[in-house]
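The values are calculated or read from the model by the stated rules, or taken from the named source; none is laboratory data. Source: prediction; values computed, not measured. Reconstructed Cβ throughout: ideal geometry from the backbone, glycine too, with neighbour counts over all protein chains shown.
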Amino acid sequence: MLGVFRQRFQRRLNGWLDRRIPLSRSVELGHRSIFIVPTSTGLVFSVLLLLLLVTAINYQNSLIYGVCFWLFSMAMGGMYFTFRNLKGLTLSAREAVPCFVGEAVDIPVRLDSGPRRSHFALWMAYPNDEDENPAKVVSVTSETEIEVTLAYRTHTRGRLRPGRLKLETRFPLGLYRAWSYVDLEVGSLIYPAPEWTPYVFSTGKESDGELEGATLDATGDQDFRGLRPYQPGDSMKQIAWKQMARGKGLVSKDFDSDQGASCWLDWNNLAGDTEQRLQRMCGWILQAHEEGLMYGVRMPGLEAAPEHNEVHLRRCLQHLALFGDETGESNS
Amino acid sequence: MTQLPRTALLWLLAALVLALLPHATHLPWGFVLLALLVLGWRWLMHQGRLPYPGKVAKTIAVVLGCLGIAVVFKNQFSLESAVAFFVTASLLKLLEMKARRDGYVIVFLSYFLLAAGFLFEQGVLQGLYGVAVIWVITAALVSLQLLDTGKNSSAIASRYATVMLLAALPLMLVFYLFFPRLSPLWSMTLQSNKAYTGLSGEMSPGDIASLSRSDELAFRVTFDDGQQPARKDLYWRGVILDRYDGRTWRFSKHDRSVSWFPSAHSPHPNNQETRYYEIIQEPTAEHWLFTMKHGTALERGVGLSSTGLVLSKRPVHQRKRYRGVVDPYNPVLGSLSSWQRGHNLALPDNVNPRARAWAQEQHQASTDSMDFIHRLLNHFNQQQYFYTLSPPELGSDDIDAFLFDSRRGFCAHYAGALVFMARSVGIPARVVAGYQGGEWHSEEKYLTVRQFDAHAWTEIWIDGKGWARVDPTAAVAPERIELGLEAALQDEASFLQDNPLSAHRFRGIDWINSLRLKMDSLNYLWHRWVLSYDKDRQKSVLGNWFNSASYKDMLSWLAGGIVALFLAMGVLLLIRQPRHRASPLLKRWHKLQQAAAPLNMPSSPGDTSRVWLMRLAERLPELRPSLTALANRMDESLYIEAEQNAERDAQLLKQIHVLTRLVRKQARRQAATH
């Protein structure tokens, strides 16, 4: 019963937050987006003030009255300083490097101090279990911009929606806690977690499990052919580490291989439910890319002709990430 | 658990040490030792040379600390022992301080210890010291937040402490003035067991002489009319000593028929000679207050005893401000009750037989009581009697020995002898202890009375006239009354004997004296306006300024203060700080972007100028060469050229300006065709 109530409350709260601080690429913190309450330390401080007041009254001591009122006034003014420590700060999200489900994505967030104000001891984290998304404490001095990289552990594929970033400060007195939940549009993709399964190739027409025609370099026998200078894109396995260790520079081993052979990766050759298929397809694509095959992908919503390059890889992975996401299609 | 920032530790140590320092004067030396030990230990821990104390060590420390307090203070629960408890607690906390939470505890304890220090000392210097320490403690509080700022932490912490404390001053003043001063909520049993220098409820020969060695302040007086009273009128009655046991005169505590204000006798309102004054009295831990002539109770908590003593309901443990009146009418006129008469005639048997016999002789020769007293005074005046601070030791029957053998004595000797002789012949008499004289400050128009002004004189009952003041010292050493103790003791070096450095000894040196007087005036103003701002003073000040001093008005002032603060904070937050002025280059660049607006080409935050210009070039192919040139030029200017070059900057600006016009034209044309 209580759980239901809490859920409903949470929903209403989220709706209210969405209206108040809508999703955006960049947010300047202001009255609508900053909340402030006293901390437990603040409550202890008020007990101290009360103690001082009683001492002052009972001992009729003007100086203790003075101390008490001074600290009280300072605590009241502290509210302004804590609030101001967030106000005027502009947060904007930058494109994060896509990653696979289960990995922690590094979300770069830019903090712009705004004019003539420094912001100290800002505590930032994506809300989750604390161990998962570690918090960062940063300060931005006036008229500067810094970039903070926040780790966020991903759980679902698709567009990266880390939820509301919590930005909190207790500066300067620690008696108040001012915070904001900022919904930043991070604009990045989470690919399905790859599952490594053996290929089932299919040709363009029917699936016979054979690789189709190799390029000139590929003669079929996967023997060592010689060394050649390293080229960007060569895999780890290809690099001749021994040569490098001898100081001969970065060279790659050239194999006779399937490199350049073209194949089709077909959705229909995959078993399992949609998500499993997506994961396995992801595994295939990565594997094919790694091995240097010319691979085509055929699956609902995508028929990509065999190719081997980064753009192709990204395109295919993006399709996997956004598979079934109606809003995502228009963007690809 | 949030770690304690490293810079915070230094601030915390400084804050605690400074808050503890004033307590060193009234705590046993063992605590100073403990503090040094703990601070040293903590410092080594900070440097990593000693480990943090384990659970066992902490427990032992707590137990030892409590035992130590119990032993040192012999289980007495006094203000000192309470402070000692807090001091020990804060030191032990310092030792185990590791997390930020512990830092807060230290900060709050420091604030409290600083305030507790004001229970003992409240001078101007202590006040200024307090301001400095509050600043340090506040900086320590701020530095607790600064986890990531490294070297700059101290600068930031001190800056914020300064700004916040200054910003708090207006509201603090409002609260200080308007917060209703309440009477103590409960009687504080927790009082300092410090012995005050001052009059006590008993007087053996020599007691008052010892006071004359002290230049401590007894009280300050201001008269409502600002007139300096004649010196010979400045008899400040303190306590009546009317019980004699053959050696010591005592204050009889069983006289408890006190009429408290407002039921006490009230002064005649329209008498020309009625003078009001205000006394700020230093703590004495006694009930009696000081009055000129016969006083009366003028405010709550003050009463008039049947013997004519003005008393405070509570012992004066804190500095007390009260009003008094010089009333020409003697309130205890009329007749003496038989009990009172008996009490003021009582003498122990068989002491001082020679004095008795001689007094009897004199009494028989005199016409009435007044004549008898005059005979005695004449005797003191004309025979070889000496006024001295260092009279010889007297054995038993000390009045006999003083009157007929040594003939040297201080005021207490003369007063005691006179009362003894009056009583022995049936005239009710009593010793009055108080102060005589004082130093008049003509600029601020107030009088300071110090311990060396302590004096004893007598009051003799004259039937039909009441108690009359008789000062035998005036007969022996008139200069004591006219000029003060120092003048009376010119020939002997006993004035302020134990105080070789007292500024009062150097009254002859002009600049020292004027400095002393300045300092005293400052202290006086401090006492009058800050320290003695209590319930009555608040009422009169607020009444004068705002014509009203009801609780309701005070509370509305307080509420007004808080509302004003919130308004000020709101306004400050609402005013948008102007964006920093864009550089000329940036302005031109924005113009260029605006010119391209019809092409619907938003720039996203990550774009460099090159990326945007190249996108623009795709839309406006005919401008490609110029746009590419500009992109190259911008890159050079932004990323390569380190030093300023006005000529080159001007060129670049011109380049953008020309291009802006072209782009605008082209963009409009394109927008029109689509």
Seminar exercise, completed: Conditions (1) out of contact with any Lys or Arg (no Cβ under 9 Å at 6 or more places or on another chain); (2) surrounded by fewer than 18 Cβ atoms within 10 Å (Cβ to Cβ); (3) at the interface with chain B (Cβ under 10 Å from one of its Cβ atoms) -> A:Arg117 fails only (1)
Exercise. With respect to the numbered conditions (1) touching an Asp or Glu at 6+ places or on another chain (Cβ under 8 Å); (2) surrounded by fewer than 19 Cβ atoms within 10 Å (Cβ to Cβ); (3) of a type outside the set (Ser, Thr, Tyr), which one is the sole condition not fulfilled by A:Leu89?
Worked result: (2)
Exercise. Which one is surrounded by the most Cβ atoms within 10 Å (Cβ to Cβ), of the residues in region B:92-102 that are in contact (Cβ under 8 Å) with a residue 60 or more places away in the chain and more than 9 Å from chain A (Cβ to nearest Cβ)?
Worked result: B:Leu94
Exercise. In region A:10-37, what residues are more than 10 Å from chain B (Cβ to nearest Cβ), surrounded by 14 or more Cβ atoms within 10 Å (Cβ to Cβ) and in contact with a helix residue (DSSP H, G or I) (Cβ under 9 Å, 6 or more places away or on another chain)?
Worked result: A:Ser33, A:Ile36
For this session: Only residues that are more than 8 Å from chain A (Cβ to nearest Cβ) and either crowded, with 23+ Cβ neighbours inside 10 Å or part of a strand (DSSP E or B) (or both): list them for region B:103-112, please.
Result: B:Gly103, B:Ile106, B:Val107, B:Leu109, B:Ser110
Exercise. Does region B:229-255 hold any residues that are within 20 Å of B:Arg469 (Cβ to Cβ), part of a loop (DSSP other than H, G, I, E, B) and not small (Gly, Ala, Ser), and which are they?
Worked result: B:Pro229, B:Leu234, B:Asp242, B:Phe251, B:Asp255
For this session: For region B:158-170, name all the residues that are more than 10 Å from chain A (Cβ to nearest Cβ) and touching a residue at least 24 places away in the same chain (Cβ under 8 Å).
Result: B:Thr162
Exercise. For region A:302-322, does any single residue satisfy the condition of being hydrophobic (A, V, I, L, M, F, W, C), modelled with pLDDT of 85 or more and assigned to a loop (DSSP other than H, G, I, E, B)?
Worked result: yes
For this session: Scan (1) over 46 Å from the mean Cα position of the chain (by Cα); (2) more than 24 Å from B:Gly484 (Cα to Cα) for the single condition B:Ala422 breaks and write down its number.
Result: (1)
For this session: For region B:376-483, please list each of the strands (runs of 3 or more DSSP E) lying entirely inside it that holds at least 1 residues being charged (D, E, K, R) and in contact with a Phe, Trp or Tyr (Cβ under 9 Å, 6 or more places away or on another chain).
Result: B:429-436, B:446-450, B:454-462, B:466-470
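Do we have A:Ser262 as at pLDDT below 85 and surrounded by fewer than 19 Cβ atoms within 10 Å (Cβ to Cβ) here?
Here the answer is no, as A:Ser262 does not meet what is asked.
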Exercise. Which one of B:Ala155, B:Ala139 is out of contact with any Cys (no Cβ under 9 Å at 6 or more places or on another chain), in contact (Cβ under 8 Å) with a residue 12 or more places away in the chain and more than 7 Å from every other protein chain (Cβ to nearest Cβ)?
Worked result: B:Ala139
Exercise. Right, B:Arg430: modelled with pLDDT of 80 or more, surrounded by 16 or more Cβ atoms within 10 Å (Cβ to Cβ) and within 30 Å of B:Leu345 (Cα to Cα) or not?
Worked result: yes
For this session: Using the structure shown, decide if A:Ser142 is within 12 Å of chain B (Cβ to nearest Cβ) and at pLDDT below 90.
Result: yes
Problem set entry | Residue list for region A:228-252, restricted to those being at pLDDT below 70 and in a strand (DSSP E or B) | none
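Condition test on B:Leu146, is it crowded, with 24+ Cβ neighbours inside 10 Å and within 7 Å of chain A (Cβ to nearest Cβ)?
Considered against the rule, which asks whether it is crowded, with 24+ Cβ neighbours inside 10 Å and within 7 Å of chain A (Cβ to nearest Cβ), B:Leu146 comes out as yes.
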Problem set entry | Filter result (at pLDDT below 85 and of a type outside the set (Asp, Glu)) within region B:288-302 | B:Met292, B:Lys293, B:His294, B:Gly295, B:Thr296, B:Ala297, B:Leu298, B:Arg300, B:Gly301
Exercise. Which of the residues spanning region A:105-119 are charged (D, E, K, R) and either touching a strand residue (DSSP E or B) at 6+ places or on another chain (Cβ under 6 Å) or at pLDDT 85 or above (or both)?
Worked result: A:Asp106, A:Arg110, A:Asp112
Exercise. A:Ser40 passes all but one of (1) polar (S, T, N, Q); (2) at pLDDT 90 or above; (3) surrounded by 15 or more Cβ atoms within 10 Å (Cβ to Cβ); which number fails?
Worked result: (3)
Exercise. If A:Leu52 satisfies every condition in (1) in contact with a His (Cβ under 7 Å, 6 or more places away or on another chain); (2) among the aliphatic types (A, V, I, L, M); (3) within 7 Å of chain B (Cβ to nearest Cβ) but one, which is the exception?
Worked result: (1)
